[in-house]
1. Per DSSP H run of at least 4 residues, take -39500 (n - 2.57); add these up for the chain, divide by its residues and hand me the 222 nm value, nearest 500 deg cm²/dmol.
2. Just to verify a number: FRET efficiency for Ala221 and Glu76, C-beta to C-beta distance, R0 = 45 Å, to 0.05?
3. Just for the chain, what percent of DSSP beta bridges are antiparallel, to the closest 5?
4. Could you tally the net charge around Ala158, taking each other residue with its Cβ under 14 Å from the Cβ of Ala158, Lys/Arg +1 and Asp/Glu -1?
5. Heavy-atom accessible area per residue, region 1-130, 1.4 Å probe: how many Å²?
6. I need the phi-derived Karplus couplings for region 180-188: 6.51 cos²θ - 1.76 cosθ + 1.60, θ = phi - 60°, integer Hz, Gly and Pro marked x.
7. For the chain, what's the relative contact order in percent, using C-alpha pairs closer than 8 Å and at least 6 residues apart?
8. Round to a whole number: what % of the accessible area of the chain belongs to carbon and sulfur, probe 1.4 Å?
Amino acid sequence: MTVRIVVVSHSAKIAEGAVELAAQMAPDVLMVPAGGTSDGRIGTSLEKVMAALDEAAGGDGVVVLADLGSAVMTAESALEFADGPATVLLADAPVVEGLVAAAVAAQGGASVHDVRRAAEAAHGGPKDEHAGTIAADGQRVPDATGDFELINLAGMHARPAAKIAGGLSGMDVMVTVNGVDGASMTGLMTLGAGKGSVLHVEASGPDAERAVEYVGGLVRAGFGEP
């Protein structure tokens, strides 16, 4: 995996915990936490962020996520000082859900730009520019659909939701799964879909068929779980 991720937070525990969580879904992605001040207090440190960027260097790009105002400003300052040929991008995304989506995308070999898009898609909300076909009765008709029965014992929990959301976030498509945004890890988890539940997938946009087959492939494989 060649795209790396840096997490900037006011709290070292938040940054480290977010990385620990995302690593469960993307074990091969290098993620570096940069939380708190240099002396262990709540706050941000330009030196810690610069050190994290140095640690994350050497790949095909770095995506940076930051939690709140001054963390964003510190990250932006660090990016100005960053050197080297790799692309370093700041994502406008929630730290936890955005990090998980970005990490899953990076695990799948996505480019640095697609990893950032995956993180930012975690804000939620379908991509309304892909409305699908409008039928004679005025109803929207998706470009592709599919129904898939969950076979893994645990059903739709965090890891499957992350795999679906992370993969879909990098596609040019609007997807709903049982009515919720397929690119939202949180939305998918709220479905409470257990083993035997059927996921109804609707997709519109250039990658519609690819997106439906992607979700179907994950479900048929049980997300790699028992």
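1. On the way: 8 runs with 91 residues, N = 226.
About -12500 deg cm²/dmol.
2. Details: r = 40 Å, r/R0 = 0.90.
Result of the calculation: an efficiency of 0.65.
3. Details: 14 of 28 bridges.
Once the DSSP bridges in the chain are tallied, antiparallel ones form about 50 percent.
4. On the way: positive: Arg159, Lys163; negative: Glu20, Glu97, Glu225.
Once all neighbours under 14 Å are counted, the net charge is -1.
5. Accessible area per residue, region 1-130: 46 Å².
6. Each residue of region 180-188 in turn: 9, 5, x, 8, 10, 4, 5, x, 5 Hz.
7. Details: 530 pairs, mean separation 40.7, N = 226.
Relative contact order here is 18 percent.
8. Numbers: 5360 of 10180 Å².
Carbon and sulfur: 53 percent of the exposed surface of the chain.
The values are calculated or read from the model by the stated rules, or taken from the named source; none is laboratory data. As the structure is a prediction and not an experimental result, all values here were calculated from the model. Here Cβ is always computed from backbone atoms with ideal geometry, including for glycine, and neighbour counts include all displayed protein chains. The area values use the complete protein model at the heavy-atom level, side chains included, leaving out ligands, DNA and RNA. Shrake-Rupley method; radii C 1.70, N 1.55, O 1.52, S 1.80 Å.
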